[in-house]
Amino acid sequence: MSAQVTGRDLAPTMERLVRLVREVSTAGEVSTTGAAVIARLGRLGGQRITDLARAEGVSQPAMTQLVNRLEQDRLVRRTADSTDRRGVLVEVTDRGREVTAARRTQRAEALEAALERLDGSDRTAIAAALPALDRLVDAVLES
């Protein structure tokens, strides 16, 4: 890839990376969307179902069904919203945090094994690219 990288150049590799992450993240037998919801709640705290649905790009009824399943598996819980007595927030449980940590460990171990198969120059290039990739993700998420 040249220094003039385009989205078209980057997209196939990023798609393969996402696929890899999904394939090696199996702890808790949670769907990809379910894992994303649990991780989001762990990062941002309790949220309303409507906000979770919007963030994950699914309908409110679909998110309600997902939250029901996650709640049955004791990965999330519903609590009263202290700022709006009619409102309900979804929060991650300790078990949900454990599943998120286990999935992250699985990903890290798979990537570590792959990195060990690369030569030093590839590992150096990947390390050098990490800050720019972080900024790229931030730029996409902020838009």
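A few remarks follow.
- For the residues 31, 25, the requirement of being touching a residue at least 40 places away in the same chain (Cβ under 8 Å), under 30 Å from residue 114 (Cα atoms), out of contact with any strand residue (DSSP E or B) (no Cβ under 6 Å at 6 or more places or on another chain) and not β-branched (Val, Ile, Thr) singles out 25.
- Residue check for residue 111: assigned to a loop (DSSP other than H, G, I, E, B), closer than 30 Å to residue 4 by Cα and not polar (S, T, N, Q): no
- Some residue of region 66-88 being aliphatic (A, V, I, L, M), in a loop (DSSP other than H, G, I, E, B) and farther than 26 Å from residue 16 by Cα: yes
Every number here is computed from the coordinates shown, using simple stated rules; none is lab data. Please read all numbers here as calculations on a predicted model, not as lab measurements. Please note: Cβ atoms are built from the backbone with ideal geometry, for glycine as well, and neighbour counts cover all protein chains shown.
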